[in-house]
Amino acid sequence: MTPSPIRLLFALITLSLGTTTAENQKNLPRSPCAITLSPDQNTLYLAERTSGSIATVDTQKLTLTRRTKINGQATGIVMYGDNLLVTSSHNSGELLEIEPISGKILHRIKVGQGARAPVVDQQRNRAYVCNYFMHSISIVDLITHKEIKRIPVLRLPTSSSLSADGQTLYAANLIPEGASNTTRTAAKISVIDAIAGKVTKHIELPNGSNALRDTTLSPDGKYLYVTHSLARFLVPTTQLDRGWINTSGLTIIDTQSNSIYATVLLDDISRGAPGSWGVDLSADQSSIYVAHSGTHEISIIDATALMKKIAAAKNRKDLEYDLSIMSDIRHRIKLPGNSPQAITTFKGGVIAAQYYSDDLTYLDFTQGRKIPAIHTINMNPSMQISQEREGEIFFNDATHCFQQWLSCNACHPDEARVDGLNWDLLNDGIGNPKNVKSLLYAHFTPPTTITGCRANAYVSVRAGVRHSQFAVVAESKYEALDAYLKSLKPEPSPYLIDGQLSPSAKRGERIFKSPRKGACRNCHSGEYLTDMKKHDMKNAGPADRTSTWDTPGLHEVWRTAPYLHDGRSATIKDVITTENHGNAAKKLTAEEIADLVEYVLSL
């Protein structure tokens, strides 16, 4: 196809306005993660995460007009009147109000750690912010510029949508919570009375649902659309065909009853659509757009035809396994960039921000096109990719996998941490599922896997690609994966107070280190809080062939529930009390147990 004049223009634009000399020299990735449009759609604003910047794009001239640098990572963006509201990682979570023409920061409002995905109630002058690491939603008064309430939700809230009347907020929690040694576990949507500031209901998605990435309400407000993965964790990982291990779901929630209307699969029979992320609907509700970050595609779904298929189903629960539902009603559009995540409808089409290629791609359906014209704006033409970044890209890319069913983040959706599920991998036999471990510090704490059956993480990385993704790749890819995983750094615990242990945690630290009380340091020692040895814990379950496990490190343990080899303990307190781990429950008082838990969760 001959490139359009507009597309050629995009390719020639030098987009360096507003950058500092240091930024130009480094050419570091910017990682666009969120989009908002001005009310007249003449201007687009883009939150660029890793560079901590806000990009402004003139949608009439299709040019970048400025970049505004902020402190910390830019994690979300939304319009508030004529100004911007931007969430930032600075100061452990801030909401910034920015005047977009000058780039001046008008107000800084302290919110929670991991702040992201702001939404705004224009009528009531309120904003709602997902505090990812604190499992809560902040309510912010935009007149007084203060956080007025914090609402506890479930686990790692990552996206939210507000009803048009401002009455109801829907928050998507990334992964399941609770013990994982069960036959049913799934992430949930928290339904919040936005005016009262309290959760009224949790809607559990289909079994195995995790990696809830985005939500959007239909223009008429009748349905909430949620993108997520559907893990088939009840079967051994012997094959990938027909979504045996992992599928991608779109759940439609009826907002009148706040119950699931249907969950449909976004995959095809012999080709997965993993990493399903941004979702939006056309203004006339005729099309549903879904970004697939793992395969670098956008799905264009005929919404009317989909609802007809759902209505015709004899049993809607069966649709959770129907890989044919998208046949004849959806186009999968391959994008020229890498990892479309945030999307928004725009002028009869859709714009996608591509996280790893630092560009914007516009699918243009104007002029009656059935197949869109594809226009790409390169937002960082001189970007240099380090080996660590190359490994991160590979970690989240499913195109090398057999039939593109999954990438590494299928089991590690929280930035290479955990998914809250048990999996029956074949590295230690069959029929004995184990809880997913975080990959933080895996290369520095051999052996790996809960049974310690791999000598080190270098072996595990290569075995994981071969035996879980049924792929063989160049050694340079494995080396990049190694570099990425070794570069991971722990997030400071949200249990810390101004970066320091609380009084309770300080008492718990003494118990942890006491040879007579906690005696925890006997095994959880050294820089990584593990002796890197295996111990017989005498806690084998019905399917286990052993009770000897590798000692896990405790850094970020607040982030990696559930606990123990089979995820039987939902909380650290359960580990100490119900499981009497280290014989601690028999030696400590209730107050001492509470202090010890506080310390461990502060690591």
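Bear in mind that the values in this text are calculations on the coordinates, not laboratory data. What you see is a predicted model, and the numbers here were worked out from it, not measured in a lab. Backbone-built Cβ (ideal geometry, glycine too); neighbour counts: all protein chains shown.
Table for the structure above
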quantity: Net length gained if the chain between residue 371 and residue 148 were fully extended (0.36 nm per residue, minus Cα distance); calculated: 75.6 nm
quantity: C-alpha long axis of helix 590-600 to longest principal axis of the chain, angle in °; calculated: 50 degrees
quantity: Calculated FRET efficiency for the pair residue 456/residue 106, C-beta based, R₀ 41 Å, to 0.05; calculated: 0.20
quantity: Amide hydrogen neighbours beyond the local backbone of residue 548, cut-off 5 Å, H modeled; calculated: 537
quantity: C-alpha long axis of helix 503-513 to longest principal axis of the chain, angle in °; calculated: 50 degrees
quantity: In the stretch 299-376, lysine pairs with alpha-carbon atoms under 24 angstrom apart (chain gap of 8 or more, or interchain); calculated: 7
quantity: Kirkwood Rh, Cα atoms: Rg over Rh of the stretch 30-122; calculated: 0.94
quantity: Euclidean distance of C-alpha centroids, the stretch 399-447 and the stretch 135-171, integer Å; calculated: 32 Å
quantity: Karplus-derived 3J(HN,Hα), 6.51/-1.76/1.60, for each residue of the stretch 554-563, Hz, glycine and proline x; calculated: 10, 5, 6, 5, 4, 9, 10, 4, x, 10
quantity: Förster radius 22 Å - calculated FRET efficiency between residue 91 and residue 50 (Cβ-Cβ, nearest 0.05); calculated: 0.80
quantity: Debye intensity ratio in log₁₀ form over the Cα atoms of the chain, taken at each q of 0.09 Å⁻¹; calculated: -0.71
quantity: Nearest-0.05 FRET efficiency for residue 516 and residue 310, computed from C-beta distance (R0 56 Å); calculated: 0.35
quantity: Surface/4 estimate of mean projected area, convex hull on alpha-carbon atoms of the stretch 267-389, nm²; calculated: 8.8 nm²
quantity: Degrees separating the helix 475-487 axis from the principal Cα axis of the chain, which is the longest one; calculated: 70 degrees
quantity: Whole-angstrom gap from the stretch 551-577 to the stretch 359-374, using each part's C-alpha centre; calculated: 48 Å
quantity: Cubic angstrom per residue, convex hull over Cα atoms of the stretch 98-250; calculated: 145 Å³
quantity: MRE, 222 nm, helices only [DSSP H, n ≥ 4, -39500 (n - 2.57), over the chain, to nearest 500]; calculated: -4000 deg cm²/dmol
quantity: Computed label-point distance, nm, for sites residue 257 and residue 546 using a 7 Å Cα→Cβ extension; calculated: 4.9 nm
quantity: Distance in nm between pseudo-label sites at residue 486 and residue 347 (7 Å out along the Cβ direction from Cα); calculated: 4.7 nm
quantity: Shape call, the stretch 473-603: gyration tensor on alpha carbons, a/c limit 1.5; calculated: oblate
quantity: The stretch 390-487: C-alpha gyration tensor shape, a/c 1.5 cut-off, then a/b vs b/c; calculated: rounded
